[in-house]
Amino acid sequence: MELGKYLKSAFLNRWNLLALCGGVGFALVSGVPDIALPIVLAAEAAYLGLLGTHSRFQASASRRLPSRCSNRSCVHCPVRH
């Protein structure tokens, strides 16, 4: 699987989205969003970079993401052809 799919899976994780939205919301209501918002976005970039390249997360994401199957009559494949 390619790195982009792992990064997308890490970004769309419900806990990541909750933390990101909470951080952005806090940055906007704070008195200094021009300072807090780049910090939140830098933390998000670091999180995605670290988690997306972690081998255990990649193995977990590979099990959750559907794979391509060349056999159109496969009953074990989660992808419906």
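Condition (residue is in a helix (DSSP H, G or I) and touching a helix residue (DSSP H, G or I) at 6+ places or on another chain (Cβ under 6 Å)) applied to the range 63-70: is it met by at least one residue? No, the range 63-70 has no match at all. Among the residues of the range 10-30, just one is closer than 14 Å to GLY49 by Cβ and either among the basic types (Lys, Arg) or in contact (Cβ under 8 Å) with a residue 40 or more places away in the chain (or both), namely ALA10. Note on the range 13-29: residues that are modelled with pLDDT of 95 or more and not in a helix (DSSP H, G or I) amount to 0.
Among the residues of the range 30-51, those that are exposed (fewer than 11 other Cβ atoms within 10 Å of the Cβ) and either in contact with a strand residue (DSSP E or B) (Cβ under 7 Å, 6 or more places away or on another chain) or not in a helix (DSSP H, G or I) (or both) comprise GLY31, VAL32.
The values are calculated or read from the model by the stated rules, or taken from the named source; none is laboratory data. Remember, it's a predicted structure, so these values are computed and weren't measured experimentally. Backbone-built Cβ (ideal geometry, glycine too); neighbour counts: all protein chains shown.
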